[in-house]
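Report on the following structure.
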Amino acid sequence: MTSKNNLLKKNFIVETINLTKKYGDITAVNNLNLQVEEGTVFGLLGPNGAGKTTTILMLLGLTEPSSGQAFVAGYDSTRNPIQVKSIVGYLPDNVGFYEEMTGIENLLYTAALNGIPKNQAKIRIEQALERVGLKDTGKRRVGEYSRGMRQRLGIADVLVKDPKLIIMDEPTLGIDPEGIHDLLNLIKDLAHQDGRTILISSHLLHQIQKICDKVGIFVEGKLMASGTIDELQHQLAGGSDHVEIELKTVPFDDGLLKICQKINGVLNYQWSEDYLLLQCEQDVREELSKKLYENNYLPLHLQLRGISLDSIYLRYFQKEEGYGGGFS
């Protein structure tokens, strides 16, 4: 058995080292160095074709890397795929079940495939169905399930194995807003209450921002950045602590800009129909408010802009493509 347990830091359940996958002249994953801490929700984010699913397949040992290595709980995914599969639960973007069988029957079949004794399987299945909110519908045929119910059954299917790591590929696609809300809360609980590690591949950034402890941004097979939302913003700003302030006043004219330009710490600006966006070295709202009143400008809207994962991703994408990142 080949294990890297002694080399990995204890809290990293996933680690890749210069992981690369090429298909002819196309590089799907390019020198990926990724670390996922145990017990966290990690979002692998990027558009379709960015290399997310290929990365997952290499982690699961379902496709071999062209170069580099992938480790899960210390096991080399290429050399020890059976050990990896025994501790990982995988939820693909389109979960497949036998339509004519009930939810419970499908889960019993999964348990049998994984060598789980029937008595133990029944206990795990009952617990899993209750955990995902399908306790009262487990005896219904899966063909009657909605998309959201199928996804929750998919999570129950994964939980039957009692995995340390759960990998989900686009788990919220095709689900209604209420179902998405319930599913995201469930995913968060699986990590923070159960102590499992969740790795989610998605391009729906606004959903992932709600539940992920850390994210990695993928662009054309390369990991552009990895960390918390605050850390990504900090990296993008080149280590600065710039803040953005939205401002709307009466009157809303060129005189407002002249006032702002005289405030120490204001670096740049951008007009929109709704407000003036200021990029500043620090929070200048107190001084700005005084200057506005002194010049007979009434503030209608004056607040710090929240950090958006969508805006961070867009700016990383633009940075990679050479479009610039908004404020210089």
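The values are calculated or read from the model by the stated rules, or taken from the named source; none is laboratory data. The shown structure was predicted, so the numbers you read here are calculated from the model rather than taken from an experiment. In this analysis, Cβ positions are derived from the backbone assuming ideal geometry, glycine residues included, and neighbour counts consider all displayed protein chains. The accessibility values were calculated without ligands, DNA or RNA, using every heavy atom of the protein model including side chains. Shrake-Rupley method; radii C 1.70, N 1.55, O 1.52, S 1.80 Å.
When segment 86-106 is filtered for residues that are open to solvent by 10 Å² or more (accessible area, probe 1.4 Å) and either in a strand (DSSP E or B) or not acidic (Asp, Glu) (or both), the ones remaining, listed by number, are Ser86, Ile87, Tyr90, Pro92, Asn94, Val95, Gly96, Phe97, Tyr98, Met101, Thr102, Ile104. In segment 130-144, the count of residues that are open to solvent by less than 100 Å² (accessible area, probe 1.4 Å), closer than 19 Å to Pro163 by Cα and without any contact (Cβ under 8 Å) to a residue 40 or more places away in the chain is zero.
Residues in segment 281-294 that are modelled with pLDDT of 90 or more and either assigned to a strand (DSSP E or B) or open to solvent by 20 Å² or more (accessible area, probe 1.4 Å) (or both): 8 in all.
When every residue of segment 60-74 is checked against the conditions, at least one turns out to be among the β-branched types (Val, Ile, Thr) and within 17 Å of Lys164 (Cα to Cα). Scanning segment 222-256 for residues that are in a helix (DSSP H, G or I) and either within 15 Å of Leu302 (Cβ to Cβ) or at pLDDT below 90 (or both) yields Ile229, Asp230, Glu231, Leu232, Gln233, His234, Gln235, Leu236, Leu256.
With the requirement that a residue be touching a residue at least 24 places away in the same chain (Cβ under 8 Å), among the hydroxyl-bearing types (Ser, Thr, Tyr) and either open to solvent by 30 Å² or more (accessible area, probe 1.4 Å) or part of a loop (DSSP other than H, G, I, E, B) (or both), what does segment 53-85 give you? If the condition is that a residue be touching a residue at least 24 places away in the same chain (Cβ under 8 Å), among the hydroxyl-bearing types (Ser, Thr, Tyr) and either open to solvent by 30 Å² or more (accessible area, probe 1.4 Å) or part of a loop (DSSP other than H, G, I, E, B) (or both), then Thr53, Thr63, Ser66, Ser67, Tyr75 are the ones that fit. For the criterion of being at pLDDT 95 or above, buried (at least 18 other Cβ atoms within 10 Å of the Cβ), basic (Lys, Arg) and within 14 Å of Lys222 (Cα to Cα), Lys21 passes.
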